[in-house]
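The values are calculated or read from the model by the stated rules, or taken from the named source; none is laboratory data. Not measured: the values here are computed from a predicted model. All Cβ positions, even for glycine, are placed from backbone atoms using ideal geometry, and neighbour counts span all protein chains on display. Note: areas computed on protein heavy atoms with side chains; ligands, DNA, RNA excluded. Shrake-Rupley method; radii C 1.70, N 1.55, O 1.52, S 1.80 Å.
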Amino acid sequence: MITTTETISANSPELLRNSIDDRIVKVRPMSTPIDQLSRCGRSRRSGSMTVEYYSVDTKKTESSITENAPGGAGAKKSDSLFSHVVKTADDTIFEASETILVPEINGYNDDGTPGGPLVLYVLDRPTTGGIEVAPVNGLPVKGMTGMSINMPALPAGTRLVRMGRAATELDVQTAQFAALPQKDSNHCQIFKMQVEQSTLAKIAEKEVGWNFSDQEEAAIIDMRLGMEKNFIFGKRARLFDAAKNEHVYFTGGIWQQAARSHTMPLGKLTEADLIDLCSAAFTGNSGSKRKILIAGTGLVEALSKLQYTKTVSAGDTFTKWGIEFKEIRSNFGSLYLLHSEVFDQCGHANDGFVLDPDYMTKYVHVPFQAETLDLRRSGQRNTDAVVLTEASCLVLRYPAAHIRVIGQTEEQSE
């Protein structure tokens, strides 16, 4: 990006004239929220262009039955204990001595009357698959008080919710608990912008006070807009540039890093749909109760047309990190809504992204810096030149806390 008297005359012929008005309007759009958040939040130095990091999730709290489990007495383990093998979608989350709630199936009281959801006790996790359980409040045997032997039938698809352990008086050990972090990686991308101004352009009298610092500021705005698009929608890759005989690193955006997606019908958006979004954003993960919804024009328009009630309300304007948000409050948590034209420009005008800023980390290999080039002494050009550089990337350390919001129009839903 170089400014000379010739380019000024061609593109802004009124600039190099006698002084008339020294005021100039600079457009500083609030259009790079992700980049802004990354600079205000946690940042770590990276010793290389490739960043390897670990993210750990909490242990799953529920699974479901994959095969119909017949009811009845089951297999006798002792005079008062009968077991049943239940096949689940993820047997590994259950351990011996844990209890399981089956919220969709009724259990029984001691007198044989229905009494709340069924509770199961985990006896073992056989190597052949499934989990071996005993009903805690199954149907009792007539004439045998305190024996809930008969388990109700459990159809495929029934939810199983993992609860706490139930140990005996002499138990001192349980099955080992291990939360193993998952390894992932991203590349730092080298963002650069060169700003030049010729000596003649610098000394020429201008109609407004436009100097090299203003030129740098405009370049930084343009650079950050480009970084914003890479940070959101970039694709992680490494290519070899044969002309330069070097590898080029491309950073992966947070859009693909998020673990979940949620679809919203924009054509007939209702308050119930917004409640569903809040439910998806704040349940099923251990993230914050305050998250940011960055959205394109189509999604913001649909949300703005809703009639809010006491259940979901549009709160006051909220300013933090130098960004102005509109708060949407629900019983699940608060979403801070922000319009981003970057989504429009990148083909996601109807979409949005729910970001938990507490679980986003910026890795920096080369911190943002400005390096002055002496092009006069090197005999290249009679200009003042500055190169702006940063090599960085963003990672979501807890992908389940973030959600891609896919806006679906009426045409797409048909």
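Would the stretch 317-332 turn up any residue that is among the small types (Gly, Ala, Ser) and in contact with an Asp or Glu (Cβ under 9 Å, 6 or more places away or on another chain)?
Quick first cut of the stretch 317-332, residues among the small types (Gly, Ala, Ser) only: 322, 330.
If we keep only those that are in contact with an Asp or Glu (Cβ under 9 Å, 6 or more places away or on another chain) too, we end up with none.
Taking every residue of the stretch 317-332 in turn, none turns out to be among the small types (Gly, Ala, Ser) and in contact with an Asp or Glu (Cβ under 9 Å, 6 or more places away or on another chain).
Mind checking whether some residue in the stretch 207-220 is of a type in the set (Val, Ile, Thr), at pLDDT 70 or above and touching a helix residue (DSSP H, G or I) at 6+ places or on another chain (Cβ under 7 Å)? Walk me through how you get there before you give the answer.
Going through the stretch 207-220, the residues of a type in the set (Val, Ile, Thr) turn out to be 208, 220.
From what's left, at pLDDT 70 or above: 220.
Retained after the next criterion (residues that are touching a helix residue (DSSP H, G or I) at 6+ places or on another chain (Cβ under 7 Å)): none.
No, the conditions are met nowhere in the stretch 207-220.
Okay, residues lined up against (1) in a loop (DSSP other than H, G, I, E, B); (2) open to solvent by 60 Å² or more (accessible area, probe 1.4 Å); (3) modelled with pLDDT of 65 or more; (4) not hydroxyl-bearing (Ser, Thr, Tyr):
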residue	(1), (2), (3), (4)
LEU375	yes, no, no, yes
SER378	yes, yes, no, no
ARG381	yes, yes, no, yes
VAL386	no, no, yes, yes
SER392	no, no, yes, no
VAL395	no, no, yes, yes
ALA400	no, no, yes, yes
VAL405	no, no, yes, yes
GLN412	no, yes, no, yes
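Here is a check on your reading of the model: is LEU299 over 12 Å from HIS402 (Cα atoms) and touching an Asp or Glu at 6+ places or on another chain (Cβ under 9 Å)? Walk me through it before giving the result.
Working: over 12 Å from HIS402 (Cα atoms): yes; touching an Asp or Glu at 6+ places or on another chain (Cβ under 9 Å): yes.
So LEU299 passes the test.
Just give me the residues in the stretch 117-136 being over 21 Å from ALA73 (Cβ atoms) and open to solvent by less than 30 Å² (accessible area, probe 1.4 Å), in sequence order. Outline the logic, then answer.
First pass over the stretch 117-136, keeping only residues over 21 Å from ALA73 (Cβ atoms): 125, 127, 129.
Passing the criteria: only GLY129.
Would it be correct to say that TYR336 is under 24 Å from ILE323 (Cβ atoms), buried (at least 20 other Cβ atoms within 10 Å of the Cβ), at pLDDT below 90 and out of contact with any Pro (no Cβ under 8 Å at 6 or more places or on another chain)?
Working: under 24 Å from ILE323 (Cβ atoms): yes; buried (at least 20 other Cβ atoms within 10 Å of the Cβ): yes; at pLDDT below 90: no; out of contact with any Pro (no Cβ under 8 Å at 6 or more places or on another chain): yes.
No: the conditions fail for TYR336.
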Go through (1) closer than 21 Å to ALA259 by Cβ; (2) open to solvent by less than 70 Å² (accessible area, probe 1.4 Å) for ASP358 and report which single condition fails. (2)
Kindly provide the set of residues from the stretch 76-116 that are touching a Leu at 6+ places or on another chain (Cβ under 6 Å) and either farther than 20 Å from ARG165 by Cβ or loosely packed, with under 14 Cβ neighbours inside 10 Å (or both), ordered by number. ILE105, TYR108
Scanning the stretch 137-164 for residues that are at pLDDT below 85 and among the β-branched types (Val, Ile, Thr), the one surrounded by the most Cβ atoms within 10 Å (Cβ to Cβ) turns out to be ILE149
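Please return the ranges of helices (runs of 4 or more DSSP H) entirely within the stretch 252-349 where 2 or more residues are in contact (Cβ under 8 Å) with a residue 24 or more places away in the chain, over 20 Å from LEU225 (Cα atoms) and of a type outside the set (S, T, N, Q).
Working: elements: 254-257, 271-282, 297-304, 341-345.
Of the helices (runs of 4 or more DSSP H) lying wholly inside the stretch 252-349, those with at least 2 residues that are in contact (Cβ under 8 Å) with a residue 24 or more places away in the chain, over 20 Å from LEU225 (Cα atoms) and of a type outside the set (S, T, N, Q) span 271-282, 297-304.
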Within the stretch 268-296, restricting attention to residues that are surrounded by fewer than 22 Cβ atoms within 10 Å (Cβ to Cβ) and β-branched (Val, Ile, Thr), which residue is nearest to the chain's Cα centre (by Cα)? THR283
Would you check which residues across the stretch 41-63 are modelled with pLDDT of 75 or more and surrounded by 13 or more Cβ atoms within 10 Å (Cβ to Cβ) and list them? SER46, MET49, THR50, VAL51, GLU62, SER63
Does GLY253 satisfy the criteria of being touching a helix residue (DSSP H, G or I) at 6+ places or on another chain (Cβ under 6 Å), modelled with pLDDT of 90 or more and of a type in the set (Gly, Ala, Ser)? yes
